[in-house]
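Asks: One structure follows; several queries about it will come next.
Nothing in this text is a laboratory measurement; each read-out follows from the coordinates by a stated rule. What you are looking at is a predicted structure, and each value in this text was computed from that prediction instead of being measured. Quick reminder, even Gly has a Cβ in these numbers, built from the backbone with ideal geometry, and neighbours come from all protein chains shown.
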Amino acid sequence: MTPSTNQVYPVIWHNNSVSLIDQTRLPNEYTFVAIHRSEDMAQAIKTMIVRGAPAIGIAAAYGLYLGAREIETSDRQEFLTHLEKVAQLLRSTRPTAVNLFWAIGRMLKTAHESLGTVAEIKEILFETAEAINHEDLQTCQMIGDHGLTVLPSTPEKLTLLTHCNAGALATAGYGTALGVVRSAWRENRLARVFADETRPRLQGAKLTTWECVQEGIPVTLITDNMAAHCMQQGLIHAVVVGADRIAANGDTANKIGTYSVAIAAKAHNIPFFVAAPLSTVDFELSDGSQIPIEERNPEEIYQVGDTILTPSGVEFYNPAFDVTPAELITAIITEKGAFAPGNLAKYQLQQYVS
Ligand code: MRU
């Protein structure tokens with residue numbers, strides 16, 4: 001039996017290893033992969049068995065713990081030096097989602113600050129990975145509920161468009177953009193979700209629709225190039241997407257194609273929301289031009305299943321993310337509330353002062 005999405009946890013600690021839902025096999029097969037070693041975790045992140053910014057961060061945190069377990073010395077300094085190498089391997093998997101770097105940074109800080117033995121540091125690393133996982137679930141539930149405060153008040157039942165998958169599968173288990181969708185559904189504020197298929201990896205077609213179907217949320221799949229038309233037809237009341245990295249000025253990197261959805265939304269005067277935890281904000285980057293954009297294997301665009309789409313002699317470009325400028329974003333919905341993009345940096349300063 002396939003469990004309801006409320007019970008979908010893409011990354012959990014189980015049987016002394018990390019259990020990942022194999023997202024490359026959904027929706028046809030709902031299977032799990034057991035990860036015992038840090039190298040296997042790095043490979044799982046690279047190959048997108050686990051994907052989505054917060055889920056990548058959680059997976060990397062457990063991956064670092066797995067790596068710590070593999071280190072055999074009892075010398076603290078030697079242990080920390082080896083741990084940094086594991087961190088380096090995990091950091092090299094995917095460059096855009098800042099949650100990966102954030103989670104590894106938090107794990108390393110915990111290790112360095114601990115005055116305990118190596119065995120005790122390992123234990124603390126495990127507890128920190130578990131905390132990152134559990135906190136993300138709560139964070140997403142808060143994001144979902146804050147989303148309700150900014151969604152258009154009319155009509156009573158909204159049709160929301162989303163791009164890629166920013167759902168339970170991409171987080172600890174509730175979702176950011178799909179968290180807003182879930183909260184709207186719970187409060188009877190949702191008529192339907194339109195899901196962009198999200199070329200080339202089809203996270204919208206394969207994962208977002210799957211999550212919606214599990215929960216009985218009405219979902220309509222469209223191809224990416226249909227979004228503007230649907231807006232023009234008056235079918236969409238608001239757009240909600242996730243984020244992989246948000247610069248201090250609010251410029252937002254998310255799955256390739258998000259930028260064109262934002263342009264279309266602006267042209268049709270439709271609110272465009274980004275839903276993301278504050279761990280996705282990279283306050284060290286002043287604007288989106290500094291966000292590293294992952295380029296993936298061209299096979300993802302020239303091949304569908306076993307079928308090659310193009311003649312030989314063609315060149316390819318396969319950026320996995322794009323940057324939506326802050327001026328196209330109505331609000332960024334976080335666990336601390338919804339901010340106009342320009343207010344993010346002010347929020348950080350207030351926190352610093354208080
Ligand atoms: O390449 P992916 O599938 O990891 O990209 C995922 C996205 O772009 C999501 O929208 C983003 O990570 C937010 S997930 C809550």
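Asks: In degrees between 0 and 90, to the nearest 10, how far off the longest principal axis of the chain does helix 344-353 point, with axes built from Cα atoms?
Replies: Helix 344-353 and the main axis of the chain meet at about 40 degrees.
Asks: Now, a different point. Under 19 Å from the Cα of residue 266, which lysines turn up, not counting those fewer than eight places away in the same chain?
Replies: The qualifying lysines are 255.
Asks: I would also like to ask the following. Would you please put 189-196, 279-286 in order of how densely packed they are, using the mean number of other Cβ atoms within 10 angstrom per residue and starting with the highest?
Replies: The densest-packed peptide leads the list: 189-196, 279-286.
Asks: How large is the charge dipole for the chain, taken about the Cα centre, if only the Cβ atoms of Lys, Arg (+1) and Asp, Glu (-1) carry charge, to the nearest 20 debye?
Replies: 660
Asks: Give the angle, between 0 and 90 degrees and rounded to the nearest 10, that separates the Cα long axis of helix 118-150 from the longest principal axis of the Cα atoms of the chain.
Replies: Roughly 10 degrees, rounded to the nearest 10.
Asks: Follow-up. Net charge near residue 37, counting Lys/Arg +1 and Asp/Glu -1 over other residues with Cβ under 13 Å of its Cβ?
Replies: Value of the local net charge: -2.
Asks: With point charges of +1 on the Cβ of Lys and Arg and -1 on the Cβ of Asp and Glu, referenced to the Cα centre of the chain, which listed residue (181, 164, 274) lies farthest in the positive direction of the dipole?
Replies: Result: 181.
Asks: What does the highest-first list of 199-212, 147-160, 170-183 look like by mean Cβ count within 10 Å?
Replies: 170-183, 199-212, 147-160
Asks: Can you give the local net charge around residue 183? Use residues other than it whose beta-carbon is closer than 13 angstrom to its beta-carbon, Lys and Arg +1, Asp and Glu -1.
Replies: So the environment of residue 183 carries a net charge of -1.
Asks: Another one. Please compute the net charge surrounding residue 325, taking Lys and Arg as +1 and Asp and Glu as -1 over other residues with Cβ under 13 Å from its Cβ.
Replies: With Lys, Arg at +1 and Asp, Glu at -1, the net is -3.
Asks: Also: To the nearest 20 Debye, how big is the dipole of segment 152-350 about its Cα centre, given +1 on the beta carbon of each Lys and Arg and -1 on that of each Asp and Glu?
Replies: 700
Asks: Dipole of the chain (Lys/Arg Cβ +1, Asp/Glu Cβ -1, origin at the Cα centre): which of 190, 250, 60 lies farthest to the positive side?
Replies: 190
Asks: Counting DSSP beta bridges with both partners in segment 124-220, what percentage is antiparallel, nearest 5?
Replies: Beta bridges within segment 124-220, antiparallel portion: roughly 10 percent.
Asks: Show me the ranking of peptides 126-138, 233-245 by mean Cβ neighbours inside 10 Å, starting with the highest.
Replies: 233-245, 126-138
Asks: Right, here's the next one. Taking a cut-off of 20 Å between Cα atoms, list the lysines near residue 109, but don't count ones fewer than 8 places away on the same chain.
Replies: 85, 122
Asks: Pick out, in residue order, every one of the GluC sites (Glu not before Pro) in segment 14-70 that is DSSP loop and has at most 15 other C-beta atoms within 10 Å; say none if there are none.
Replies: Answer by residue number: 29.
Asks: Sticking with this structure for a sec: Loop only by DSSP, 12 or fewer other Cβ within 10 Å of the Cβ. Give me the chymotrypsin sites (Phe, Trp or Tyr not before Pro) in segment 317-350 that pass, ordered by residue number.
Replies: 317
Asks: Moving to a separate point now. With runs of 4+ DSSP H residues as the only contributors, calculate the mean residue ellipticity of the chain at 222 nm using -39,500 (n - 2.57) per run, divided by the residue total and rounded to the nearest 500.
Replies: For the chain, the value works out to -12500 deg cm²/dmol.
Asks: By how many degrees, 0 to 90 and rounded to 10, does the Cα axis of helix 76-91 deviate from the longest principal axis of the chain?
Replies: Taking Cα atoms only, the helix is inclined about 20 degrees.
Asks: Excluding residues fewer than 8 places away in the same chain, name every one of the aspartates and glutamates whose C-alpha is closer than 17 Å to that of residue 346.
Replies: Result set, ordered by chain and number: 251, 282, 284, 287, 327, 335.
Asks: Of all DSSP beta bridges in the chain, what percent run antiparallel (nearest 5)?
Replies: Taking every DSSP beta bridge with both residues in the chain, the antiparallel ones total about 50 percent.
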